[in-house]
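Notes follow the structure.
The values are calculated or read from the model by the stated rules, or taken from the named source; none is laboratory data. These figures come from a predicted structure and were not determined experimentally. FYI the Cβ positions are ideal-geometry reconstructions off the backbone, even for glycines, and counts take in every protein chain you see. The protein model used for the area step is the full one, side chains on, heavy atoms only, and it has no ligands, DNA or RNA in it. Shrake-Rupley method; radii C 1.70, N 1.55, O 1.52, S 1.80 Å.
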Amino acid sequence: MSKLSSPNADFWSAQPKNNLLINKQVGADTRLAKKNTNPQFHKYIEHTIENGYVIIEGAFTEAEVEEAKDELYSLSKSPNVAGPASVGGRNMFEGLNTRRIYALLNKSRVFDKFPLHPAVVALNDYFLDPGWLLHTMHSIDIQPGENPQTLHHDDGSVTLPRPHKPLGSAIMVALDPYTEDNGATVVVPKSHTWGTEPIPTRDQAVPVIMPKGSLVYFLGTLWHGGGHNRSSKERRALTVQYCQPWIRPFENQFVCVDWEKLDDIPSKLVDIMGYQVGAPFLGFADGTSPRKVVNRYLKRKAEELAEARRGEAKL
């Protein structure tokens, strides 16, 4: 069997004996079991091991991309709905000439498909621990003339010395073609293995050139950044970031997404939003899963509302 085919077995076999015993006692090894990696995705894993990133062309169809762009345009017409960064960045890192719409999972079901591309799930299953989470998801619309973003690695907020295992990963989904001139994401190949020093220079970064509908997957340890848009057109994309189950996510999905909408969201997506209990019992609520607690709350509220309406009817 290929060493790439069973990441779940590798994770559990590497656990200290006492940790493994506790995970078995609480059923986490079964609850968080993963399928073997589909052989068609091995090439993506191998490329990422070597370079820290991989481009997957044609990940999404023309229709899926156009639907997402139309939905973003519709959201952007109402800044109160789209959010405070939809009209422009609020600092140099966001990009003063870059528009972002956060909390997409609360604003439209159109975007549900993007975090769960099968190749991305396979990559995360390989590089991250069982129960990995959604870190954040939003759109990035780099306007003409936008300056290049500061090079960074996404796990820079974690105070651990490099090199270390990936603490997260990310994808950029190209809603427009990524070109050398329009602000394509730039990456520093193989920098995911570097220590704390050196800090890369811009001339070490290469642009991610890919057609519309493609995605680039990279590890949170890879140095990268938004490119300089020297063109006359905007460059639109979606970014989805993921993190280890024991990392605090950048974006708080419990607050971002209305609880009443959870039933409409794919169950796997709800799980990675933090509603599934991790190993051995990370993230539980009132002794059970957060999803069950939310369901209990919504049921109680519905009963209270029904009771209030019956009381009004008697008046």
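Condition check: under 15 Å from the mean Cα position of the chain (by Cα), open to solvent by 30 Å² or more (accessible area, probe 1.4 Å) and not small (Gly, Ala, Ser). Does Pro280 satisfy that?
On the way: under 15 Å from the mean Cα position of the chain (by Cα): no; open to solvent by 30 Å² or more (accessible area, probe 1.4 Å): yes; not small (Gly, Ala, Ser): yes.
Considered against the rule, which asks whether it is under 15 Å from the mean Cα position of the chain (by Cα), open to solvent by 30 Å² or more (accessible area, probe 1.4 Å) and not small (Gly, Ala, Ser), Pro280 comes out as no.
With the requirement that a residue be out of contact with any Ser or Thr (no Cβ under 7 Å at 6 or more places or on another chain) and in contact (Cβ under 8 Å) with a residue 40 or more places away in the chain, what does region 138-156 give you?
Ser139, Gly145, Asn147, Pro148, Gln149, Thr150, Leu151, His152, Asp154
Does Glu146 count as open to solvent by 50 Å² or more (accessible area, probe 1.4 Å) and modelled with pLDDT of 95 or more?
Details: open to solvent by 50 Å² or more (accessible area, probe 1.4 Å): no; modelled with pLDDT of 95 or more: yes.
Taking the combined requirement at face value, the residue does not satisfy it.
Of Gln241, Gln204, all but one fail to be open to solvent by 10 Å² or more (accessible area, probe 1.4 Å) and under 22 Å from the mean Cα position of the chain (by Cα); the exception is Gln241.
Residues that are over 21 Å from Tyr53 (Cα atoms), touching a Phe, Trp or Tyr at 6+ places or on another chain (Cβ under 7 Å) and not basic (Lys, Arg): does region 281-289 have at least one? Outline the logic, then answer.
Here is the first cut: in region 281-289, the ones over 21 Å from Tyr53 (Cα atoms) are 281-289.
Filter again for touching a Phe, Trp or Tyr at 6+ places or on another chain (Cβ under 7 Å), leaving 282, 289.
Those left that are additionally not basic (Lys, Arg): 282, 289.
Yes, that holds for at least one residue.
Cβ-Cβ distances below 7 Å connect the following pairs, each with a first residue in region 28-45 that is within 25 Å of Glu57 (Cβ to Cβ), a second residue that is open to solvent by 30 Å² or more (accessible area, probe 1.4 Å), and a separation of six or more residues or different chains: Thr37/Tyr126; His42/Ser2; Ile45/Tyr126. Looking only at residues in region 31-46 that are at pLDDT below 95 and basic (Lys, Arg), the one that is surrounded by the most Cβ atoms within 10 Å (Cβ to Cβ) is Lys34. Among the residues of region 111-132, none is identified as open to solvent by 20 Å² or more (accessible area, probe 1.4 Å), farther than 16 Å from Met172 by Cα and aliphatic (A, V, I, L, M).
Taken across region 150-161, residues that are surrounded by fewer than 24 Cβ atoms within 10 Å (Cβ to Cβ), over 14 Å from the mean Cα position of the chain (by Cα), among the β-branched types (Val, Ile, Thr) and more than 22 Å from Gly89 (Cβ to Cβ) do occur, with at least one present.
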